[in-house]
1. Is it the case that B:Arg109 is more than 10 Å from chain A (Cβ to nearest Cβ), free of Cβ contacts under 8 Å to residues at least 40 places away in the same chain and surrounded by fewer than 22 Cβ atoms within 10 Å (Cβ to Cβ)?
2. Of the conditions (1) farther than 27 Å from B:Ala163 by Cβ; (2) touching a residue at least 12 places away in the same chain (Cβ under 8 Å); (3) surrounded by fewer than 19 Cβ atoms within 10 Å (Cβ to Cβ), A:Trp152 satisfies every one except a single condition; which number is it?
3. Can you tell me how many residues in region A:41-63 are surrounded by 15 or more Cβ atoms within 10 Å (Cβ to Cβ) and in a helix (DSSP H, G or I)?
4. When you go through (1) out of contact with any His (no Cβ under 9 Å at 6 or more places or on another chain); (2) of a type outside the set (D, E, K, R); (3) within 14 Å of another protein chain (Cβ to nearest Cβ) one by one for B:Phe75, which number turns out not to apply?
5. Test B:Val94 against the stated conditions and say whether it is within 14 Å of chain A (Cβ to nearest Cβ), touching a helix residue (DSSP H, G or I) at 6+ places or on another chain (Cβ under 7 Å) and closer than 25 Å to B:Val188 by Cβ.
6. Test of understanding: among A:Thr112, A:Thr199, which residue is surrounded by fewer than 17 Cβ atoms within 10 Å (Cβ to Cβ), more than 14 Å from every other protein chain (Cβ to nearest Cβ) and either under 27 Å from A:Met42 (Cβ atoms) or of a type in the set (Phe, Trp, Tyr) (or both)?
7. Is region B:88-97 home to any residue that is touching an Asp or Glu at 6+ places or on another chain (Cβ under 8 Å) and in a loop (DSSP other than H, G, I, E, B)?
8. Could you run through region B:131-156 and say how many residues are of a type outside the set (Gly, Ala, Ser), loosely packed, with under 12 Cβ neighbours inside 10 Å and under 24 Å from A:Asn175 (Cα atoms)?
Amino acid sequence: MLLDIVVSGLISGSMFALLAIGFSLIFGVARIVNIAHTAFYMVAAYCIFFFTQRMGLGSIISMLLAIVMVICLGLLTYRFFIEPIREHEAAVLIGTIALAIAMQEVMLLIFTGDFLSVPSLVGGFFSIMNVKIFYQQLLTFGAVVAVLLALWLMLMKTRLGLAIRCMAEDREVANLMGINERLVAMATMGISVGLAAFTGAVVVPLTIVNPFMWMEPLIIMMAVVVLGGLGSLKGSFLGAYILGFTEALVVFLIPKGAFLKGSVALSIMILVLILRPEGLFGIAFEEER
Amino acid sequence: MLLEVLHMSVFYDKAMLLNDVNLGVDEGELVSLVGPNGAGKSTLLRAITGLVARDREISKRSTGGEVILKGKIRFAGEEIQGVPAYQIVKRGLVHCPERRRPFREMAVRDNLLAGAYLKRDRVAKASDLEKVYTLFPVLKGRSSQVAGTLSGGEQQMLAIGRALMTEPKLLCIDEPSTGLAPILRKEVFTKIKEVSLLGITVLLVEQEVSAVFEMASRNYVLSSGRIIAEGTAESLLKDEVIRKTYLGL
(Lines give C-alpha, C1' and ligand atoms only; values in the text may rest on other atoms or scores of the structure.)
Protein backbone atom coordinates (compact mmCIF):
# COMPACT_ATOMS: atom_id res chain seq x y z
CA MET A 1 0.00 0.00 0.00
CA LEU A 2 2.68 2.48 1.02
CA LEU A 3 4.75 1.70 -2.04
CA ASP A 4 1.65 1.93 -4.22
CA ILE A 5 1.06 5.41 -2.92
CA VAL A 6 4.67 6.41 -3.43
CA VAL A 7 4.79 5.15 -7.02
CA SER A 8 1.48 6.66 -7.96
CA GLY A 9 2.24 9.93 -6.17
CA LEU A 10 5.62 10.29 -7.84
CA ILE A 11 4.22 9.67 -11.28
CA SER A 12 1.20 11.92 -11.08
CA GLY A 13 3.25 14.50 -9.19
CA SER A 14 5.78 14.55 -12.03
CA MET A 15 3.06 14.96 -14.63
CA PHE A 16 1.50 17.82 -12.71
CA ALA A 17 4.94 19.36 -12.25
CA LEU A 18 5.60 19.35 -15.99
CA LEU A 19 2.22 20.88 -16.76
CA ALA A 20 2.29 23.43 -13.96
CA ILE A 21 5.86 24.54 -14.69
CA GLY A 22 5.03 25.10 -18.35
CA PHE A 23 1.96 27.08 -17.35
CA SER A 24 3.87 29.12 -14.75
CA LEU A 25 6.69 29.83 -17.17
CA ILE A 26 4.58 31.67 -19.72
CA PHE A 27 2.60 33.35 -16.97
CA GLY A 28 5.78 34.57 -15.31
CA VAL A 29 7.39 35.85 -18.48
CA ALA A 30 4.43 37.32 -20.37
CA ARG A 31 1.64 37.41 -17.77
CA ILE A 32 -0.43 35.16 -19.99
CA VAL A 33 -2.88 32.88 -18.21
CA ASN A 34 -3.02 30.16 -20.80
CA ILE A 35 -6.15 28.12 -20.11
CA ALA A 36 -5.48 26.24 -23.33
CA HIS A 37 -2.25 24.86 -21.85
CA THR A 38 -3.61 21.37 -21.21
CA ALA A 39 -5.47 21.42 -24.52
CA PHE A 40 -2.05 21.36 -26.18
CA TYR A 41 -1.32 18.32 -24.06
CA MET A 42 -4.49 16.71 -25.40
CA VAL A 43 -3.52 17.53 -28.99
CA ALA A 44 -0.09 15.96 -28.42
CA ALA A 45 -1.74 12.78 -27.15
CA TYR A 46 -3.90 12.64 -30.29
CA CYS A 47 -0.89 13.23 -32.50
CA ILE A 48 0.83 10.26 -30.96
CA PHE A 49 -2.25 8.13 -31.29
CA PHE A 50 -2.51 9.12 -34.95
CA PHE A 51 1.14 8.53 -35.78
CA THR A 52 1.50 5.22 -33.99
CA GLN A 53 -1.93 3.64 -34.56
CA ARG A 54 -3.04 5.08 -37.90
CA MET A 55 0.27 5.62 -39.66
CA GLY A 56 2.25 2.89 -38.00
CA LEU A 57 5.27 5.03 -37.13
CA GLY A 58 7.63 4.12 -34.32
CA SER A 59 6.90 5.38 -30.82
CA ILE A 60 9.94 7.60 -30.41
CA ILE A 61 9.54 9.22 -33.82
CA SER A 62 5.86 9.76 -33.12
CA MET A 63 6.66 11.43 -29.83
CA LEU A 64 9.19 13.76 -31.42
CA LEU A 65 6.87 14.58 -34.31
CA ALA A 66 4.01 15.23 -31.91
CA ILE A 67 6.12 17.58 -29.79
CA VAL A 68 7.39 19.50 -32.81
CA MET A 69 3.89 19.79 -34.28
CA VAL A 70 2.37 20.99 -31.05
CA ILE A 71 5.14 23.55 -30.56
CA CYS A 72 4.44 24.88 -34.07
CA LEU A 73 0.73 24.98 -33.33
CA GLY A 74 1.44 26.77 -30.05
CA LEU A 75 3.69 29.36 -31.68
CA LEU A 76 1.19 30.03 -34.46
CA THR A 77 -1.72 30.50 -32.07
CA TYR A 78 0.50 32.67 -29.89
CA ARG A 79 1.64 34.88 -32.73
CA PHE A 80 -1.72 35.38 -34.40
CA PHE A 81 -4.18 34.95 -31.59
CA ILE A 82 -2.71 35.57 -28.12
CA GLU A 83 -0.05 38.19 -28.79
CA PRO A 84 -2.41 40.80 -30.27
CA ILE A 85 -4.55 40.70 -27.11
CA ARG A 86 -1.68 40.07 -24.71
CA GLU A 87 -1.97 43.27 -22.72
CA HIS A 88 -5.63 42.67 -22.09
CA GLU A 89 -5.88 40.13 -19.28
CA ALA A 90 -9.59 39.38 -19.51
CA ALA A 91 -9.36 38.93 -23.26
CA VAL A 92 -6.46 36.48 -22.86
CA LEU A 93 -8.43 34.47 -20.32
CA ILE A 94 -11.55 34.26 -22.47
CA GLY A 95 -9.55 33.82 -25.65
CA THR A 96 -7.57 30.87 -24.36
CA ILE A 97 -10.72 29.17 -23.04
CA ALA A 98 -12.16 29.54 -26.53
CA LEU A 99 -8.93 28.20 -27.98
CA ALA A 100 -9.09 25.11 -25.77
CA ILE A 101 -12.70 24.42 -26.70
CA ALA A 102 -11.89 24.95 -30.37
CA MET A 103 -9.10 22.37 -30.17
CA GLN A 104 -11.41 19.97 -28.36
CA GLU A 105 -14.08 20.34 -31.05
CA VAL A 106 -11.59 19.83 -33.86
CA MET A 107 -10.37 16.61 -32.24
CA LEU A 108 -13.97 15.58 -31.74
CA LEU A 109 -14.61 16.08 -35.45
CA ILE A 110 -11.54 14.19 -36.58
CA PHE A 111 -11.39 11.36 -34.08
CA THR A 112 -14.97 11.37 -32.69
CA GLY A 113 -15.47 11.12 -28.97
CA ASP A 114 -14.38 7.48 -28.74
CA PHE A 115 -11.98 6.54 -26.00
CA LEU A 116 -8.71 5.62 -27.63
CA SER A 117 -5.55 4.17 -26.24
CA VAL A 118 -1.92 3.73 -27.15
CA PRO A 119 0.01 0.67 -26.03
CA SER A 120 2.99 1.02 -23.72
CA LEU A 121 6.37 1.81 -25.17
CA VAL A 122 7.91 -0.95 -23.13
CA GLY A 123 5.99 -3.90 -21.84
CA GLY A 124 6.46 -5.82 -18.65
CA PHE A 125 6.82 -5.04 -15.00
CA PHE A 126 8.73 -6.03 -11.95
CA SER A 127 7.60 -6.41 -8.39
CA ILE A 128 8.90 -5.03 -5.17
CA MET A 129 7.10 -6.03 -2.00
CA ASN A 130 4.17 -7.33 -4.05
CA VAL A 131 3.70 -4.03 -5.82
CA LYS A 132 3.75 -4.19 -9.59
CA ILE A 133 5.85 -1.47 -11.12
CA PHE A 134 5.47 -1.31 -14.86
CA TYR A 135 8.50 -0.44 -16.91
CA GLN A 136 6.33 2.14 -18.65
CA GLN A 137 5.78 3.93 -15.34
CA LEU A 138 9.49 3.89 -14.68
CA LEU A 139 10.21 5.22 -18.15
CA THR A 140 7.66 7.99 -17.79
CA PHE A 141 9.09 9.00 -14.45
CA GLY A 142 12.66 8.94 -15.74
CA ALA A 143 11.78 11.01 -18.79
CA VAL A 144 10.01 13.59 -16.67
CA VAL A 145 12.95 13.94 -14.30
CA ALA A 146 15.34 14.28 -17.24
CA VAL A 147 13.24 17.01 -18.83
CA LEU A 148 12.88 18.90 -15.55
CA LEU A 149 16.63 18.77 -15.09
CA ALA A 150 17.23 19.98 -18.64
CA LEU A 151 14.79 22.82 -18.08
CA TRP A 152 16.54 23.82 -14.88
CA LEU A 153 19.93 23.83 -16.61
CA MET A 154 18.50 25.88 -19.46
CA LEU A 155 17.12 28.46 -17.04
CA MET A 156 20.25 28.74 -14.91
CA LYS A 157 23.04 28.33 -17.44
CA THR A 158 21.98 29.74 -20.79
CA ARG A 159 21.48 33.22 -22.16
CA LEU A 160 17.84 32.52 -22.97
CA GLY A 161 17.37 31.24 -19.43
CA LEU A 162 18.82 34.45 -18.03
CA ALA A 163 16.48 36.49 -20.22
CA ILE A 164 13.51 34.41 -19.09
CA ARG A 165 14.38 34.90 -15.43
CA CYS A 166 14.85 38.64 -15.92
CA MET A 167 11.53 38.96 -17.75
CA ALA A 168 9.73 36.99 -15.07
CA GLU A 169 10.94 39.43 -12.43
CA ASP A 170 10.79 42.81 -14.09
CA ARG A 171 9.81 43.26 -17.70
CA GLU A 172 10.73 46.92 -17.82
CA VAL A 173 14.22 46.46 -16.43
CA ALA A 174 14.68 43.47 -18.76
CA ASN A 175 14.07 45.90 -21.62
CA LEU A 176 16.65 48.27 -20.18
CA MET A 177 19.19 45.44 -20.27
CA GLY A 178 18.59 44.98 -23.99
CA ILE A 179 16.34 41.94 -23.76
CA ASN A 180 13.87 41.71 -26.63
CA GLU A 181 10.62 41.10 -24.82
CA ARG A 182 8.68 39.82 -27.82
CA LEU A 183 11.27 37.26 -28.83
CA VAL A 184 11.74 35.95 -25.29
CA ALA A 185 7.97 35.70 -24.80
CA MET A 186 7.72 33.79 -28.06
CA ALA A 187 10.53 31.42 -27.11
CA THR A 188 8.97 30.89 -23.70
CA MET A 189 5.64 30.08 -25.30
CA GLY A 190 7.43 27.48 -27.40
CA ILE A 191 9.04 25.94 -24.32
CA SER A 192 5.81 26.08 -22.35
CA VAL A 193 3.76 24.38 -25.04
CA GLY A 194 6.63 21.98 -25.67
CA LEU A 195 6.46 20.90 -22.02
CA ALA A 196 2.70 20.37 -22.33
CA ALA A 197 3.27 18.30 -25.47
CA PHE A 198 5.98 16.28 -23.80
CA THR A 199 3.66 15.60 -20.87
CA GLY A 200 1.03 14.39 -23.33
CA ALA A 201 3.64 12.24 -25.04
CA VAL A 202 4.82 10.44 -21.92
CA VAL A 203 1.40 10.10 -20.35
CA VAL A 204 -0.32 8.67 -23.41
CA PRO A 205 0.41 5.01 -22.69
CA LEU A 206 -0.83 5.40 -19.12
CA THR A 207 -4.12 7.10 -19.89
CA ILE A 208 -7.12 7.14 -22.17
CA VAL A 209 -7.14 9.54 -25.11
CA ASN A 210 -10.34 11.51 -25.65
CA PRO A 211 -11.19 15.08 -26.60
CA PHE A 212 -12.11 16.04 -23.05
CA MET A 213 -8.92 14.78 -21.42
CA TRP A 214 -7.64 18.37 -21.01
CA MET A 215 -10.19 19.40 -18.39
CA GLU A 216 -9.19 17.32 -15.40
CA PRO A 217 -5.46 18.08 -15.61
CA LEU A 218 -6.34 21.74 -16.14
CA ILE A 219 -8.18 21.84 -12.82
CA ILE A 220 -5.41 20.04 -10.97
CA MET A 221 -2.77 22.16 -12.67
CA MET A 222 -4.59 25.32 -11.55
CA ALA A 223 -4.72 23.95 -8.01
CA VAL A 224 -0.97 23.22 -8.17
CA VAL A 225 -0.17 26.69 -9.43
CA VAL A 226 -2.32 28.36 -6.77
CA LEU A 227 -0.78 26.18 -4.07
CA GLY A 228 2.78 26.86 -5.22
CA GLY A 229 2.24 30.53 -5.91
CA LEU A 230 1.42 31.97 -9.32
CA GLY A 231 4.52 32.48 -11.39
CA SER A 232 6.88 30.56 -9.09
CA LEU A 233 8.56 27.58 -10.75
CA LYS A 234 9.84 26.24 -7.45
CA GLY A 235 6.30 26.51 -6.06
CA SER A 236 4.84 24.73 -9.06
CA PHE A 237 7.35 21.94 -8.66
CA LEU A 238 6.68 21.38 -4.96
CA GLY A 239 2.95 21.99 -5.27
CA ALA A 240 2.76 19.37 -8.01
CA TYR A 241 4.25 16.66 -5.82
CA ILE A 242 2.12 17.68 -2.84
CA LEU A 243 -1.02 17.32 -4.94
CA GLY A 244 0.31 14.20 -6.64
CA PHE A 245 0.74 12.48 -3.31
CA THR A 246 -2.55 13.81 -1.99
CA GLU A 247 -4.26 12.34 -5.00
CA ALA A 248 -2.53 9.00 -4.47
CA LEU A 249 -3.53 9.03 -0.79
CA VAL A 250 -7.16 9.73 -1.65
CA VAL A 251 -7.27 7.02 -4.29
CA PHE A 252 -5.63 4.36 -2.16
CA LEU A 253 -6.90 5.16 1.32
CA ILE A 254 -10.54 5.96 0.67
CA PRO A 255 -12.29 2.85 -0.61
CA LYS A 256 -13.89 3.59 -3.97
CA GLY A 257 -12.78 7.18 -3.43
CA ALA A 258 -10.99 7.76 -6.73
CA PHE A 259 -13.73 10.06 -7.93
CA LEU A 260 -12.91 12.38 -5.04
CA LYS A 261 -9.43 13.29 -6.25
CA GLY A 262 -10.57 16.31 -8.26
CA SER A 263 -12.57 17.71 -5.40
CA VAL A 264 -9.69 17.24 -2.98
CA ALA A 265 -7.42 19.21 -5.31
CA LEU A 266 -10.01 21.95 -5.57
CA SER A 267 -10.52 22.00 -1.80
CA ILE A 268 -6.79 22.50 -1.35
CA MET A 269 -6.92 25.31 -3.86
CA ILE A 270 -9.78 27.02 -2.04
CA LEU A 271 -8.05 26.58 1.32
CA VAL A 272 -4.85 28.12 -0.02
CA LEU A 273 -6.78 31.03 -1.51
CA ILE A 274 -8.43 31.68 1.86
CA LEU A 275 -5.41 31.17 4.11
CA ARG A 276 -2.45 32.23 1.99
CA PRO A 277 -3.53 33.72 -1.32
CA GLU A 278 0.04 34.18 -2.55
CA GLY A 279 0.70 30.43 -2.25
CA LEU A 280 3.82 28.74 -0.91
CA PHE A 281 6.33 30.77 -2.91
CA GLY A 282 4.16 33.42 -4.46
CA ILE A 283 5.63 36.74 -5.34
CA ALA A 284 3.89 39.84 -4.14
CA PHE A 285 3.29 41.70 -7.35
CA GLU A 286 4.59 45.20 -6.98
CA GLU A 287 4.30 47.58 -9.86
CA GLU A 288 3.24 45.58 -12.88
CA ARG A 289 4.43 45.92 -16.49
CA MET B 1 26.34 67.06 -27.62
CA LEU B 2 26.09 63.41 -26.66
CA LEU B 3 22.45 63.65 -25.70
CA GLU B 4 19.99 66.26 -26.87
CA VAL B 5 16.34 66.38 -25.90
CA LEU B 6 14.37 68.76 -28.09
CA HIS B 7 10.86 70.03 -27.41
CA MET B 8 9.85 66.92 -25.55
CA SER B 9 6.27 66.67 -24.27
CA VAL B 10 4.74 63.61 -22.66
CA PHE B 11 1.09 62.97 -21.89
CA TYR B 12 -0.32 60.06 -19.92
CA ASP B 13 -4.07 59.92 -20.39
CA LYS B 14 -4.39 63.68 -20.96
CA ALA B 15 -2.19 64.56 -17.97
CA MET B 16 0.78 66.52 -19.24
CA LEU B 17 3.87 65.19 -17.47
CA LEU B 18 6.48 66.96 -19.58
CA ASN B 19 5.95 70.24 -21.35
CA ASP B 20 8.34 71.26 -24.13
CA VAL B 21 11.51 70.14 -22.37
CA ASN B 22 14.91 70.90 -23.85
CA LEU B 23 18.02 69.40 -22.35
CA GLY B 24 21.53 68.61 -23.44
CA VAL B 25 24.39 66.59 -22.03
CA ASP B 26 27.92 66.85 -23.37
CA GLU B 27 30.39 64.02 -23.49
CA GLY B 28 32.19 63.52 -20.17
CA GLU B 29 29.85 65.75 -18.20
CA LEU B 30 28.03 64.95 -14.99
CA VAL B 31 24.72 66.74 -15.33
CA SER B 32 22.08 66.81 -12.66
CA LEU B 33 18.35 67.10 -12.99
CA VAL B 34 16.70 68.30 -9.80
CA GLY B 35 13.25 69.39 -8.84
CA PRO B 36 10.38 68.66 -6.49
CA ASN B 37 8.44 65.40 -6.30
CA GLY B 38 6.21 64.85 -9.29
CA ALA B 39 8.07 67.37 -11.43
CA GLY B 40 8.53 64.78 -14.18
CA LYS B 41 12.19 63.92 -13.61
CA SER B 42 11.66 60.17 -13.83
CA THR B 43 9.32 60.59 -16.79
CA LEU B 44 12.06 62.47 -18.62
CA LEU B 45 14.54 59.64 -18.06
CA ARG B 46 11.90 57.09 -19.03
CA ALA B 47 11.23 59.02 -22.22
CA ILE B 48 14.93 59.19 -23.06
CA THR B 49 15.51 55.46 -22.61
CA GLY B 50 12.42 54.33 -24.47
CA LEU B 51 10.21 53.26 -21.57
CA VAL B 52 7.57 55.89 -22.34
CA ALA B 53 7.46 54.68 -25.94
CA ARG B 54 7.01 51.16 -24.56
CA ASP B 55 4.13 52.34 -22.37
CA ARG B 56 2.62 53.89 -25.47
CA GLU B 57 2.79 50.58 -27.35
CA ILE B 58 1.19 48.78 -24.42
CA SER B 59 -1.55 51.35 -24.05
CA LYS B 60 -2.42 50.99 -27.72
CA ARG B 61 -3.11 47.31 -27.22
CA SER B 62 -4.94 47.52 -23.90
CA THR B 63 -7.73 49.54 -22.39
CA GLY B 64 -5.33 51.78 -20.47
CA GLY B 65 -5.19 55.52 -21.13
CA GLU B 66 -3.48 57.02 -24.11
CA VAL B 67 0.21 57.87 -23.97
CA ILE B 68 1.60 60.60 -26.21
CA LEU B 69 5.27 61.34 -26.77
CA LYS B 70 6.27 64.42 -28.76
CA GLY B 71 9.63 65.90 -29.60
CA LYS B 72 13.04 64.59 -30.51
CA ILE B 73 15.81 62.77 -28.69
CA ARG B 74 19.20 62.79 -30.31
CA PHE B 75 21.89 60.50 -28.96
CA ALA B 76 25.41 60.43 -30.41
CA GLY B 77 24.12 62.18 -33.50
CA GLU B 78 21.20 59.84 -34.18
CA GLU B 79 17.52 60.35 -33.49
CA ILE B 80 16.32 57.68 -31.10
CA GLN B 81 12.78 58.70 -30.13
CA GLY B 82 11.31 55.88 -32.21
CA VAL B 83 13.81 53.19 -31.16
CA PRO B 84 12.41 50.51 -28.81
CA ALA B 85 13.81 50.49 -25.28
CA TYR B 86 15.70 47.21 -25.69
CA GLN B 87 17.62 48.57 -28.68
CA ILE B 88 18.63 51.79 -27.00
CA VAL B 89 21.04 50.04 -24.61
CA LYS B 90 23.00 48.77 -27.58
CA ARG B 91 23.79 52.37 -28.52
CA GLY B 92 25.38 53.06 -25.15
CA LEU B 93 22.53 54.76 -23.33
CA VAL B 94 21.47 53.03 -20.14
CA HIS B 95 18.96 53.80 -17.41
CA CYS B 96 19.45 52.85 -13.78
CA PRO B 97 15.82 52.99 -12.66
CA GLU B 98 14.15 54.53 -9.65
CA ARG B 99 13.89 52.27 -6.57
CA ARG B 100 16.96 50.39 -7.93
CA ARG B 101 14.83 47.42 -9.05
CA PRO B 102 17.40 44.62 -8.88
CA PHE B 103 16.23 41.18 -10.02
CA ARG B 104 15.49 40.20 -6.45
CA GLU B 105 15.32 36.44 -6.87
CA MET B 106 18.54 36.24 -8.83
CA ALA B 107 22.09 36.06 -7.51
CA VAL B 108 24.16 39.25 -7.50
CA ARG B 109 26.40 37.78 -10.18
CA ASP B 110 23.43 36.91 -12.42
CA ASN B 111 22.09 40.42 -11.97
CA LEU B 112 25.37 41.81 -13.25
CA LEU B 113 25.47 39.30 -16.10
CA ALA B 114 21.98 40.43 -17.08
CA GLY B 115 23.58 43.81 -17.72
CA ALA B 116 25.99 42.09 -20.10
CA TYR B 117 23.13 40.30 -21.85
CA LEU B 118 23.97 41.74 -25.25
CA LYS B 119 27.62 40.78 -25.03
CA ARG B 120 28.45 37.33 -26.35
CA ASP B 121 32.17 37.31 -25.68
CA ARG B 122 32.77 35.37 -22.47
CA VAL B 123 36.21 36.82 -21.85
CA ALA B 124 34.96 40.39 -22.19
CA LYS B 125 32.06 39.57 -19.86
CA ALA B 126 34.40 38.20 -17.22
CA SER B 127 36.69 41.21 -17.39
CA ASP B 128 33.74 43.63 -17.16
CA LEU B 129 32.51 41.69 -14.15
CA GLU B 130 35.92 42.12 -12.53
CA LYS B 131 35.85 45.86 -13.26
CA VAL B 132 32.49 46.23 -11.54
CA TYR B 133 33.72 44.17 -8.60
CA THR B 134 36.75 46.44 -8.29
CA LEU B 135 34.51 49.49 -8.25
CA PHE B 136 32.07 47.89 -5.81
CA PRO B 137 34.01 45.43 -3.62
CA VAL B 138 30.87 44.81 -1.50
CA LEU B 139 29.28 43.06 -4.44
CA LYS B 140 32.18 40.68 -4.93
CA GLY B 141 31.78 39.24 -1.45
CA ARG B 142 28.09 38.73 -2.08
CA SER B 143 28.30 37.51 -5.64
CA SER B 144 26.31 34.32 -5.09
CA GLN B 145 23.85 35.88 -2.66
CA VAL B 146 20.30 36.53 -3.83
CA ALA B 147 19.88 40.24 -4.64
CA GLY B 148 16.70 40.61 -2.58
CA THR B 149 18.69 39.99 0.61
CA LEU B 150 21.08 42.90 0.05
CA SER B 151 20.73 46.15 2.00
CA GLY B 152 19.37 49.23 0.26
CA GLY B 153 22.82 50.69 -0.28
CA GLU B 154 24.16 47.44 -1.69
CA GLN B 155 21.14 47.15 -3.97
CA GLN B 156 21.89 50.62 -5.30
CA MET B 157 25.51 49.64 -5.96
CA LEU B 158 24.21 46.54 -7.71
CA ALA B 159 21.83 48.56 -9.85
CA ILE B 160 24.64 50.91 -10.89
CA GLY B 161 26.99 47.96 -11.45
CA ARG B 162 24.38 46.23 -13.59
CA ALA B 163 23.98 49.38 -15.67
CA LEU B 164 27.76 49.66 -16.05
CA MET B 165 27.90 46.09 -17.37
CA THR B 166 26.17 47.35 -20.51
CA GLU B 167 29.27 49.51 -21.15
CA PRO B 168 27.35 52.77 -21.45
CA LYS B 169 28.49 56.04 -22.91
CA LEU B 170 25.75 57.78 -20.96
CA LEU B 171 24.45 56.51 -17.65
CA CYS B 172 21.13 57.91 -16.43
CA ILE B 173 20.63 57.33 -12.71
CA ASP B 174 17.26 57.93 -11.13
CA GLU B 175 17.19 58.96 -7.46
CA PRO B 176 20.01 56.77 -6.14
CA SER B 177 19.89 58.17 -2.63
CA THR B 178 16.19 57.63 -1.89
CA GLY B 179 15.59 55.58 1.22
CA LEU B 180 19.24 55.36 2.23
CA ALA B 181 20.86 56.38 5.50
CA PRO B 182 23.02 59.55 5.27
CA ILE B 183 26.32 57.65 5.37
CA LEU B 184 25.21 55.36 2.57
CA ARG B 185 23.98 58.29 0.52
CA LYS B 186 27.42 59.81 0.73
CA GLU B 187 28.98 56.53 -0.35
CA VAL B 188 26.63 56.22 -3.31
CA PHE B 189 27.44 59.75 -4.43
CA THR B 190 31.17 59.05 -4.10
CA LYS B 191 30.74 56.00 -6.30
CA ILE B 192 28.83 57.99 -8.90
CA LYS B 193 31.65 60.51 -8.95
CA GLU B 194 34.10 57.63 -9.47
CA VAL B 195 32.01 56.36 -12.37
CA SER B 196 32.07 59.81 -13.90
CA LEU B 197 35.85 59.95 -13.50
CA LEU B 198 36.06 56.71 -15.50
CA GLY B 199 34.96 58.80 -18.45
CA ILE B 200 31.30 57.80 -18.44
CA THR B 201 28.87 60.64 -18.95
CA VAL B 202 26.26 60.79 -16.19
CA LEU B 203 22.78 62.28 -16.08
CA LEU B 204 21.76 62.20 -12.44
CA VAL B 205 18.23 62.71 -11.19
CA GLU B 206 18.09 63.57 -7.51
CA GLN B 207 16.11 65.19 -4.74
CA GLU B 208 19.18 65.70 -2.57
CA VAL B 209 20.07 69.02 -4.15
CA SER B 210 23.01 70.07 -2.00
CA ALA B 211 24.99 66.86 -2.54
CA VAL B 212 24.37 66.87 -6.26
CA PHE B 213 25.28 70.49 -6.82
CA GLU B 214 28.72 69.80 -5.38
CA MET B 215 29.54 67.22 -8.03
CA ALA B 216 27.61 68.19 -11.16
CA SER B 217 29.11 70.47 -13.77
CA ARG B 218 25.69 71.70 -14.87
CA ASN B 219 22.21 71.40 -13.47
CA TYR B 220 18.67 71.51 -14.74
CA VAL B 221 15.75 72.42 -12.52
CA LEU B 222 12.49 70.77 -13.51
CA SER B 223 9.15 71.78 -12.08
CA SER B 224 5.65 70.76 -13.20
CA GLY B 225 7.04 69.26 -16.36
CA ARG B 226 9.03 72.31 -17.45
CA ILE B 227 12.70 73.15 -17.27
CA ILE B 228 12.64 76.39 -15.31
CA ALA B 229 16.35 76.97 -14.85
CA GLU B 230 19.66 75.68 -16.06
CA GLY B 231 23.24 76.40 -15.12
CA THR B 232 26.11 75.85 -12.74
CA ALA B 233 25.42 75.45 -9.04
CA GLU B 234 26.70 78.97 -8.31
CA SER B 235 24.50 80.68 -10.87
CA LEU B 236 21.42 78.76 -9.72
CA LEU B 237 22.08 79.48 -6.07
CA LYS B 238 22.46 83.17 -6.84
CA ASP B 239 18.87 83.35 -8.04
CA GLU B 240 16.88 83.94 -4.88
CA VAL B 241 13.53 82.74 -6.29
CA ILE B 242 14.88 79.47 -7.63
CA ARG B 243 16.93 78.82 -4.53
CA LYS B 244 14.02 79.26 -2.14
CA THR B 245 11.09 78.01 -4.19
CA TYR B 246 12.50 75.06 -6.04
CA LEU B 247 15.67 73.99 -4.32
CA GLY B 248 14.64 74.56 -0.72
CA LEU B 249 18.10 75.79 0.23
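The values are calculated or read from the model by the stated rules, or taken from the named source; none is laboratory data. Given the structure is predicted, the values throughout are model-derived calculations rather than measurements. No Cβ is skipped: glycine too gets one built from the backbone with ideal geometry, and neighbour counts run over all protein chains shown.
1. Numbers: more than 10 Å from chain A (Cβ to nearest Cβ): yes; free of Cβ contacts under 8 Å to residues at least 40 places away in the same chain: yes; surrounded by fewer than 22 Cβ atoms within 10 Å (Cβ to Cβ): yes.
So B:Arg109 passes the test.
2. Against the list (1) farther than 27 Å from B:Ala163 by Cβ; (2) touching a residue at least 12 places away in the same chain (Cβ under 8 Å); (3) surrounded by fewer than 19 Cβ atoms within 10 Å (Cβ to Cβ), A:Trp152 comes up short only on (2).
3. Of the residues in region A:41-63, the ones surrounded by 15 or more Cβ atoms within 10 Å (Cβ to Cβ) are A:41-53, A:57, A:59, A:62-63.
Restricting the remaining residues to those that are in a helix (DSSP H, G or I) gives A:41-53, A:59, A:62-63.
Of the residues in region A:41-63, 16 are surrounded by 15 or more Cβ atoms within 10 Å (Cβ to Cβ) and in a helix (DSSP H, G or I).
4. B:Phe75 satisfies all of (1) out of contact with any His (no Cβ under 9 Å at 6 or more places or on another chain); (2) of a type outside the set (D, E, K, R); (3) within 14 Å of another protein chain (Cβ to nearest Cβ) except (3).
5. Working: within 14 Å of chain A (Cβ to nearest Cβ): yes; touching a helix residue (DSSP H, G or I) at 6+ places or on another chain (Cβ under 7 Å): yes; closer than 25 Å to B:Val188 by Cβ: yes.
Yes; evaluated as a whole, the condition is true for this residue.
6. On the way: A:Thr199 fails: surrounded by fewer than 17 Cβ atoms within 10 Å (Cβ to Cβ).
Among A:Thr112, A:Thr199, only A:Thr112 is surrounded by fewer than 17 Cβ atoms within 10 Å (Cβ to Cβ), more than 14 Å from every other protein chain (Cβ to nearest Cβ) and either under 27 Å from A:Met42 (Cβ atoms) or of a type in the set (Phe, Trp, Tyr) (or both).
7. Of the residues in region B:88-97, the ones touching an Asp or Glu at 6+ places or on another chain (Cβ under 8 Å) are B:91-92, B:95-97.
So of that shortlist, the ones also in a loop (DSSP other than H, G, I, E, B) come out as B:92, B:97.
Scanning region B:88-97 turns up at least one residue that is touching an Asp or Glu at 6+ places or on another chain (Cβ under 8 Å) and in a loop (DSSP other than H, G, I, E, B).
8. Initially, region B:131-156 is screened for residues of a type outside the set (Gly, Ala, Ser), giving B:131-140, B:142, B:145-146, B:149-150, B:154-156.
Now restrict to residues that are loosely packed, with under 12 Cβ neighbours inside 10 Å: B:134, B:137, B:149.
Keeping just the survivors that are under 24 Å from A:Asn175 (Cα atoms) gives B:149.
Count: 1.
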